[in-house]
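Shown next, in structure tokens, is the structure this report addresses.
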Amino acid sequence: MGLFDAIGISGSGLTAERMRMDVTSENLANAETTKAANGQPYRRKEVVLQEAGGAGNDFASVLSSVQGGGSGSGAGVANGVKVSGIVEDSSPLKRIYDPGHPDADKNGYVTMPNVNTVTEMTDLISSSRAYEANVTAMQTAKTMFSKTLDLLR
Amino acid sequence: MGLFDTTQIGLERALSGSALRQQAISQNIANVNTPGYRRQDVDFASALHAAWDGGQSAVSSVNPTQQADMSSVMRADGSSVDIDQEASTQAENGLHYEAIESVMKTRISILKSAIGGS
């Protein structure tokens, strides 16, 4: 059924956008971290999104593929978005002159994370807006579905 | 003639087409930040319109499918989703669904009163 799938798809969008927000928050929190878990300066992380295509092998998708296209659900419809990975940004780390810093090298330079606060803030706005759009899409599908239930009254 | 005529079946087809279209729009909005994603849409209106004069069997065989929109991409990440366009398509599709649904509701209540219910 199209409308239940639509709600699930919007749900996958919410998960993906929240994941982007989590990673952005981590980047912002570590904007000045000169020693990450591996002892190196922190590298900014990025979420890679991918279209979640094709029907899975769960009960609902097997049932709908057996039922065929006659139900109007269409064949081979995609099912939302998924996070295919979290990758480190390989762009160069910043170097600033700060001889008093405990992690400064012998010339007085400190290697700082490649986090740009402005980039992170725009990413944060982007994912927050996309999250809202997914909520609206889910709301529309819900309204459409409850209108259909009204037909039974 | 059965209990449900061509119009009723046509309305049912239009409802499922519209529901599938909502699914495609949700898919587009979910993938707004997916690099290289091509937006999907469902065209059922023109197929349904063409089948309308062909009678009940033609109308009931209209099967809406989801298709990728291969028009040009304006975004740097290769995603072809325009969030404003999706929002307006969604609003339009939602109203369309409601319109079909209320016609259907009226027809059902006429049918109910003909049967003798209230």
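Residues B:Arg21, B:Arg75, B:Arg38: which one is touching a residue at least 60 places away in the same chain (Cβ under 8 Å) and among the charged types (D, E, K, R)?
Working: B:Arg75 fails: touching a residue at least 60 places away in the same chain (Cβ under 8 Å); B:Arg38 fails: touching a residue at least 60 places away in the same chain (Cβ under 8 Å).
Only one candidate qualifies: B:Arg21.
Yes/no per residue for (1) in contact with a strand residue (DSSP E or B) (Cβ under 6 Å, 6 or more places away or on another chain); (2) over 16 Å from A:Met21 (Cα atoms); (3) within 14 Å of another protein chain (Cβ to nearest Cβ); (4) surrounded by 11 or more Cβ atoms within 10 Å (Cβ to Cβ):
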residue	(1), (2), (3), (4)
A:Leu93	yes, yes, no, yes
A:His101	yes, yes, no, yes
A:Asn107	no, yes, no, no
A:Pro113	no, yes, no, yes
A:Asn116	no, no, no, yes
A:Met121	no, no, no, yes
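Quick one: would you say A:Ala31 is assigned to a helix (DSSP H, G or I), at pLDDT 85 or above and open to solvent by less than 60 Å² (accessible area, probe 1.4 Å)? In short, no. Residue count for region B:61-82, restricted to those that are under 19 Å from the mean Cα position of the chain (by Cα) and either open to solvent by 40 Å² or more (accessible area, probe 1.4 Å) or of a type outside the set (A, V, I, L, M) (or both): 8.
Taken over region B:79-118, the criterion of being in contact (Cβ under 8 Å) with a residue 40 or more places away in the chain and over 17 Å from A:Ala130 (Cα atoms) is satisfied by B:Asn93, B:Gly94, B:His96, B:Tyr97, B:Ile100, B:Glu101, B:Val103, B:Met104, B:Arg107, B:Leu111.
Among the residues of region A:68-86, are any open to solvent by less than 40 Å² (accessible area, probe 1.4 Å), in contact with a Lys or Arg (Cβ under 8 Å, 6 or more places away or on another chain), at pLDDT 90 or above and not basic (Lys, Arg)? Give the steps one after another, and end with the answer.
Step one: of region A:68-86, the residues open to solvent by less than 40 Å² (accessible area, probe 1.4 Å) are A:68-69, A:72-74, A:77-78, A:80-81, A:85.
Checking the rest, the ones that are also in contact with a Lys or Arg (Cβ under 8 Å, 6 or more places away or on another chain) come to A:72.
Those left that are additionally at pLDDT 90 or above: none.
Checking region A:68-86: not a single residue is open to solvent by less than 40 Å² (accessible area, probe 1.4 Å), in contact with a Lys or Arg (Cβ under 8 Å, 6 or more places away or on another chain), at pLDDT 90 or above and not basic (Lys, Arg).
Among the residues in region B:83-106, are any outside any helix (DSSP H, G or I), at pLDDT 85 or above and either within 12 Å of another protein chain (Cβ to nearest Cβ) or open to solvent by 50 Å² or more (accessible area, probe 1.4 Å) (or both)? Within region B:83-106, not a single residue is outside any helix (DSSP H, G or I), at pLDDT 85 or above and either within 12 Å of another protein chain (Cβ to nearest Cβ) or open to solvent by 50 Å² or more (accessible area, probe 1.4 Å) (or both).
Yes/no per residue for (1) closer than 26 Å to A:Arg18 by Cβ; (2) in contact with a strand residue (DSSP E or B) (Cβ under 6 Å, 6 or more places away or on another chain); (3) facing another protein chain (nearest Cβ under 9 Å); (4) assigned to a loop (DSSP other than H, G, I, E, B):
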site	(1), (2), (3), (4)
B:Arg13	no, no, yes, no
B:Ser16	no, no, yes, no
B:Leu20	no, yes, yes, no
B:Gln23	yes, no, yes, no
B:Ser26	yes, no, yes, no
B:Pro35	yes, no, yes, yes
B:Asp41	no, no, no, no
B:Ala51	no, no, no, no
B:Gly55	no, no, no, no
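The values are calculated or read from the model by the stated rules, or taken from the named source; none is laboratory data. Every value quoted in this text rests on a predicted model; they were computed, and no experiment measured them. Cβ: placed from backbone, ideal geometry, glycine included. Neighbour counts: every protein chain shown. For the accessible areas, the whole protein counts, side chains as well, though only heavy atoms, and no ligand, DNA or RNA atoms are used. Shrake-Rupley method; radii C 1.70, N 1.55, O 1.52, S 1.80 Å.
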